[in-house]
1. Out of all the residues in region 195-208, which are open to solvent by 90 Å² or more (accessible area, probe 1.4 Å) and within 18 Å of Met257 (Cβ to Cβ)?
2. Going by the structure shown, is Asn325 open to solvent by 20 Å² or more (accessible area, probe 1.4 Å) and touching a residue at least 60 places away in the same chain (Cβ under 8 Å)?
3. Give region 143-161 a look and list any residue that's open to solvent by less than 10 Å² (accessible area, probe 1.4 Å), closer than 27 Å to Glu331 by Cβ and in contact (Cβ under 8 Å) with a residue 40 or more places away in the chain, or say none.
4. So, restricting to strands (runs of 3 or more DSSP E) that lie completely within region 107-214, which ones have at least 3 residues that are farther than 28 Å from Val337 by Cβ?
5. Which of the residues spanning region 209-228 are touching a residue at least 24 places away in the same chain (Cβ under 8 Å) and surrounded by fewer than 18 Cβ atoms within 10 Å (Cβ to Cβ)?
6. Please verify whether region 230-238 includes one or more residues that are open to solvent by less than 10 Å² (accessible area, probe 1.4 Å) and in a helix (DSSP H, G or I).
7. Looking at (1) more than 22 Å from Ser287 (Cβ to Cβ); (2) surrounded by fewer than 17 Cβ atoms within 10 Å (Cβ to Cβ), which one does Thr140 not meet, given that it meets all the others?
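The values are calculated or read from the model by the stated rules, or taken from the named source; none is laboratory data. Note that the coordinates shown come from a computational prediction; the quantities given were computed from them, not determined experimentally. Note: ideal-geometry Cβ built from the backbone for every residue, glycine included; neighbour counts use all protein chains shown. Note: areas computed on protein heavy atoms with side chains; ligands, DNA, RNA excluded. Shrake-Rupley method; radii C 1.70, N 1.55, O 1.52, S 1.80 Å.
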Amino acid sequence: MTEQSGSGGRIRPTGKRRKRPSRRRRATVIAAWTLAGAVVVGGGGLGYAYFKLNGNLKAVDINAALGKNRPDNIDNGSEDILVLGSDSRSGANSEYGADEGTARSDTAMVVHIDKGHKSASVVSIPRDTLITRPECTSDTTGQPVAGEQRAMFNTAYEVGGPACAVKTVESMSGIRMDHYLEVDFTGFKKLIDELGGVKITTTRAINDSKSHLNLEPGTHTLDGEQSLGLVRTRKSVGDGSDLGRIQLQQAFIKALMEQVKNVGVFSNPKTLFDLANTATKAITTDSDLGSVQQLTGFANGLKGLGSKNVHMVTLPVQYDPADPNRVVPLEESAQQVWTALKHDKAIPASATEKSAGDKGVAGGIVR
């Protein structure tokens, strides 16, 4: 049953899975940025660390699953990474709700790192974006899954796992994903606690009954549980939709990036190992990043990135005329975004000026 909107144009979750919201949903790409600092291990005497961290990693062979029918692999030094946060409630995540046997990618970001690795563009894809999902193969049964028009974006992961999510993004963007990172949110919470929390400043009070977050205006150091609350808050910010929540997530990511640098991740061996141990347990990668050695090279390439060098946008969308609880891409504007990434250019401001997702209402609450 659909939760009714108080005003036309707000996105509201629908269906069985929306009745029991997970406290850890939509904690996003943040663990990936922590990982950039945490997995850089090297030097003498770290053999134990190498083998322990290597044993923590889980990897999926995306290349084997998708075969050759993919966009061209442009080898110009830039990298495109699909980062997902799934809402599986199995294992350690069962405390957040019943395990229903499936998961959805309720957070999705395409991270484009420029060829000089000096700047990055991040494109958030709203979970309720209606797209044409390509035919996929189920990662649980191995059976074909028919494509679907006007399918919610997050169903790609639900029906076909990581490979289907990658295939769907590649179909939408025309850009080959070089890597895949999936974040486990129990691990994310532990990462924030390992960091000693993340400092943010709120410009007005946040009181959200769904995310259980209550913050007065001012500066706060959020622990892992509070950070999860912030990145899943939507009822009390902006227009109450997922679009406003994405803006909160993006502001939090930048605060997290600064925190990683401030705690001396790259200079303190114990901090480095503790974070690396937690981070490698919290993620699933593609097989090309499936070892500490491979992750080390990837993370080293991100060390020069600071929050000021990262441009974050939401895929240009409008509310679906047929269903105000869904959004559809603004095709011309979305193509501007994908074309910029494909040619390793900055995303032009004109690409998002008409989008419902970049009005800045919620994003201005946190800095």
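1. Of all residues in region 195-208, those open to solvent by 90 Å² or more (accessible area, probe 1.4 Å) come to 199, 204.
Scanning region 195-208 gives a single hit, Lys199.
2. Numbers: open to solvent by 20 Å² or more (accessible area, probe 1.4 Å): no; touching a residue at least 60 places away in the same chain (Cβ under 8 Å): yes.
No.
3. So in region 143-161, the residues open to solvent by less than 10 Å² (accessible area, probe 1.4 Å) come out as 151, 153-154, 156, 160-161.
If we keep only those that are closer than 27 Å to Glu331 by Cβ too, we end up with 151, 153-154, 156, 160.
Matches in region 143-161: Phe153, Asn154, Ala156.
4. Those strands (runs of 3 or more DSSP E) span 198-202, 206-208.
5. Ser209, Lys210, His212, Thr221, Asp223, Glu225
6. Quick first cut of region 230-238, residues open to solvent by less than 10 Å² (accessible area, probe 1.4 Å) only: 230-231, 233, 237.
From the residues that got through so far, the ones that are in a helix (DSSP H, G or I) too are 230-231.
Among the residues of region 230-238, at least one is open to solvent by less than 10 Å² (accessible area, probe 1.4 Å) and in a helix (DSSP H, G or I), which makes the answer yes.
7. For Thr140, the exception is condition (1).
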